[in-house]
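The next block holds one structure in the form of structure tokens; read it before the comments.
The values are calculated or read from the model by the stated rules, or taken from the named source; none is laboratory data. Source: prediction; values computed, not measured. Every residue, glycine among them, receives a Cβ derived from its backbone with ideal geometry; neighbour counts consider all protein chains shown. Areas reflect the complete protein model, heavy atoms only, side chains present, ligands, DNA and RNA absent. Shrake-Rupley method; radii C 1.70, N 1.55, O 1.52, S 1.80 Å.
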Amino acid sequence: MFLCFNAPANMSYFGWENEALPLGNGRIGAKVFGGTECELLSFNEKTLWSGGKDVPDFNGGVKNPDGGKAFSAVRERMLRGDLKGAQKEMEALQGNETGLGAYQAFGSLYLQFENPGGADHYVRDLELDSASAMVNFRANKVIYSRHYFVSYPDNVFVGRLEAQHQNEPEEGEEEAPPPTFSFDAYFVSEQKGEPTAQDDTILLEGAVMANNGVDAEPGEQRNNLRYGAAIRFIPKDGTVTATPDGHLLVENTSSVVVIASFATDYANDYPCYSDGSDPLRDKALPAVEKASEKTFGALYRSHLEDFRPKFQTVQFSLDEEQVAHPVDFMLKRFDKKGEYKRQLITMLFQYGRYLLLTSSRADTLPANLQGIWNAKNNPPWQCDYHLNINLQMNYWPAYVTDLADPANAFLQFVASLRKPGRLVAAKTLGVGSGSVDEPTGWVAHTQLSPLGMCGPGSSWHWGWEPVNGAWAAAQMYDCYAFTGDLQTLKETIYPTMEESARLFSGLLCEEPNTGRLVFGPGSSPEHGPATLGCTYDQTILYALFDRVIEAAAVLETHGCGDLVDRTLVNTLKTQKDRLQPLQIGKHGTIREWAQEDDFPRFGNPYGIEKQHRHLSHLLGLYPFGYINDTVPELQTAARASLKARGDKTTGWAMAHRLCCWARLRDGNQCDALIAEILKTCIMKNLFGTHPPFQIDGNFGFTAGVAEMLLQSHEGVIRILPALPKDWHSGSFRGLRARGGIVVGAVWKNDRLKEGTVCAPNGGTVRLSYDGKIMLVQSADGSEVETDFENGVTSFEAKAGETYTFS
Ligand code: FUC
């Protein structure tokens, strides 16, 4: 599968955002512009951040060290029913942005060619299956070709630039020497570093100098984080000469390989967040040295051996004709005439998987708001880790589309929030002693950096959301639900979930009118008043308690009960059932706030937006699965809420709506949304846009399409649960259901034709397709004994055996 273009990307921020092609290995990110006269390659390193650690007065975003008292005071006022008065008091809970910092741009490599003359036959493409980009064009009867990729095993960016004669020599004609080309290579550091050049290598090192982040004075966000880069050119022939101003002149070569690596001394280790290394001499240069001992071919092979087995396990087709038209052309034709729809859908689905695997790997920081790609030192929203949907959405497609490796980055990051989060818990909620080593409870609010920022932001309207960390903790359990990975459950997931549950278990209070347990003050992300028991808070705490209880039982079953705080778990069992439940409001929708029916009818004092982008009151529908067939009245109310909210909104928010409509099994509504997403939220290079570029929309789209093809959140594997009438035929292979079960299906004329299922650990498999009884057969064709009840066909699967069903 290719994304192709027939022109270079514009050498501007617009070109970077909309046209340049992304490559990455989870640690190093690159974007390819493909200019014929001047090639531009922009680079990122995932850990290059300003702010945090050594910034004067950095306090994790906490402003009011006595926030616990303020928290209780606001709660008391709310319990007394003075919601209006309480809003004013919420300011005492706000934090600050000292040391917030931002994800930084590393810099760009320019290759200024001696003008090759008028270029034609230009193709620039990105092959998803090989995670590599190619640029080809002809000029003066010479074919110029470039091939780029970022290798995870070698942790280097690799490129090969070549020139060949257009025409092969005639029979008996002596082969002419290959055509050559020359260029001036130089690196522009976005951190004001001064590159030097030695022999065939450009070297760069320095410390983050950024004066960015929210209205910071020059250097104010300086954090002494060190960076280093090495960029080597290895010409097959011709010469390479270093110049005093840090350039390399590569001359008269017919083929040259470029190898580059980028690094910092960052380590996700609170509070110093440094491994004390010299990023240039201990990391970047050794990586380039080692890679330089290999040929381009060998580097490419080890890259493919790493990438392909992870990417190619999932196939999805709508039986569309694969045409190699430029993507921007297809998007335009779809917008105008509805053409290429199915090709664009399958491509965007796989693109989401590609972007996740190239922007996040098991041992890296997770994908941020732009994955790994960023060209500014003060990017939108600091290009940080927003935790009130964005980071969670980044990993929604991971397990169902068989990408557990990248998702480990999410697990490790959330677990790393415990230490800085304990300080924030003590200062903003008055929980714990503030010792970062005592597991007394941790919280993380909305805007996070990988350098310890997790406090409430400078405005409670979007910044005071203490349950955000609890949501992330609950989402960690998907790892076990889909993979059965007991080790990770024991070491990373359960301790992080349990400690979060311990904190919130101790902070619940009784709602005076109902006696139900509620949390608050809390806010429904970025919308409306702060209240007690908003649906967002209640749903997340219900899910967290539910999953801690389930995980504790798993650990007990596997003889790891010593890891479980049984007293706490028993308390959670009681509290879970007493939590204020989801409610249906007077308009038949799911209430976003328990008190919303009493909100003043006039003047809208709480700034309620009918079509607000967040669907925080529908987390019980997706990603959690509590609004399901067992509660049809809540499904009806959720549908009413979705209708009321409308579908035209930001990129990520449309993706969340797609996931929700899929859970309601409304394929046609999903299809209509997809059309809207393709028309309004996807850029020429298929990057998702908020606007501006924001990658969660890409990941949410892939998760939404997967949810249309396969669902397993109700303990039943639903095949094609939300198939649009327009998707007459197609197939998927390699999607995962909970339990790690691998599922495939083929459909024709709107009907399932045949499917396959393989349970790696064996056990009972429960299948559902349109309520029909299904015939299940073993690999040898023999029929398998099944039970059929309530539209579900179940059978006992042997571990690792593949069965067909129809
Ligand atoms: C939340 C969303 C915004 C944006 C930001 C990064 O604040 O409400 O729409 O996506 O995250």
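Quick look at the values:
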quantity	calculated
Descending principal axes extents, region 256-334, alpha-carbon based, whole Å	53, 37, 27
Kirkwood Rh, Cα atoms: Rg over Rh of region 26-162	1.33
Exposed trypsin sites (Lys or Arg not before Pro) absent: longest stretch of the chain, with sites in DSSP loops and at most 14 other Cβ within 10 Å deemed exposed	237-585
Projected area, mean over directions - the chain, Cα convex hull, nm²	36.3 nm²
Electrostatic dipole magnitude of the chain [Cβ: Lys, Arg +1; Asp, Glu -1; Cα centre; debye, to 20]	2440 debye
Potential lengthening between Ala176 and Lys643 on full extension [0.36 nm per residue; Cα-Cα distance subtracted]	161.3 nm
5 angstrom amide H check on Leu48, placed H, neighbours 5+ away	Gln104
Folded to 0 to 90 degrees: helix 404-416 orientation relative to the chain principal axis, Cα	60 degrees
Members of Lys290/Lys419; Lys336/Lys725; Lys88/Lys192 lying beyond 32 Å, as alpha-carbon distances in this model show	Lys290/Lys419; Lys88/Lys192
Simple Cβ-charge dipole of region 724-768, Lys/Arg +1 and Asp/Glu -1, about Cα centre, in debye nearest 20	60 debye
Size of electric dipole in region 731-794: Cβ of Lys, Arg +1 and of Asp, Glu -1, about Cα centre, debye, nearest 20	380 debye
Approximate spin-label separation Thr567-Asp237, in nm, with each point projected 7 Å along Cα-to-Cβ	8.0 nm
Unit charges at the beta carbon, dipole of region 384-464: most positive-side option, Met393, Gly434, Leu417	Gly434
Furthest towards positive pole of dipole, Val257, Ala640, Phe33, structure part the chain, Cβ charges	Ala640
Under Karplus coefficients 6.51, -1.76 and 1.60, residue-wise ³J(HN,Hα) of region 456-466 in Hz, glycine/proline x	x, x, 6, 9, 5, 4, 10, x, 8, 9, x
Helical contribution to [θ] at 222 nm, DSSP H n ≥ 4, -39,500 (n - 2.57), averaged over the chain, rounded to 500	-9000 deg cm²/dmol
Cut-off under 5 Å, modelled amide H: who pairs with Ser132 long-range	Glu127
17 Å Cα-Cα reach of Lys236 towards lysines, excluding residues that sit fewer than 8 places from it in its own chain	Lys294
Rounded accessible area per residue of region 362-407, 1.4 Å, Å²	18 Å²
Between helix 651-663 and the chain: long-axis angle, C-alpha atoms, 0 to 90°, nearest 10	60 degrees
Solvent-accessible heavy-atom area per residue, rounded to whole Å², over region 622-757 at 1.4 Å	29 Å²
Region 361-459 - convex hull of alpha carbons, volume per residue in Å³	111 Å³
Rounded to 10°, Cα long-axis angle of helix 418-429 versus longest principal axis of the chain	40 degrees
Which of Asn59, Gly85, Ser42, positive extreme of dipole for region 1-111 (C-beta unit charges)	Gly85
Note, ³J(HN,Hα) from phi for region 44-59, Karplus 6.51, -1.76, 1.60, rounded to Hz, x at Gly and Pro	9, 10, 4, 9, 7, 10, 9, x, x, 3, 8, 5, x, 6, 5, 9
Mean-position separation - Cα centroids, region 351-424 and region 60-107, in angstrom	25 Å
When each of Lys648/Lys684; Lys573/Lys798; Lys84/Lys586; Lys141/Lys332 is checked by Cα-Cα distance, pairs over 27 Å	Lys573/Lys798; Lys141/Lys332
Accessible carbon and sulfur surface of the chain relative to its total accessible area, %, 1.4 Å	49 percent
Whole-Hz couplings from phi, Karplus 6.51/-1.76/1.60, listed for region 706-721; x for Gly and Pro	4, 5, 6, 8, 7, 9, 8, 7, 10, x, 10, 8, 8, 9, 6, x
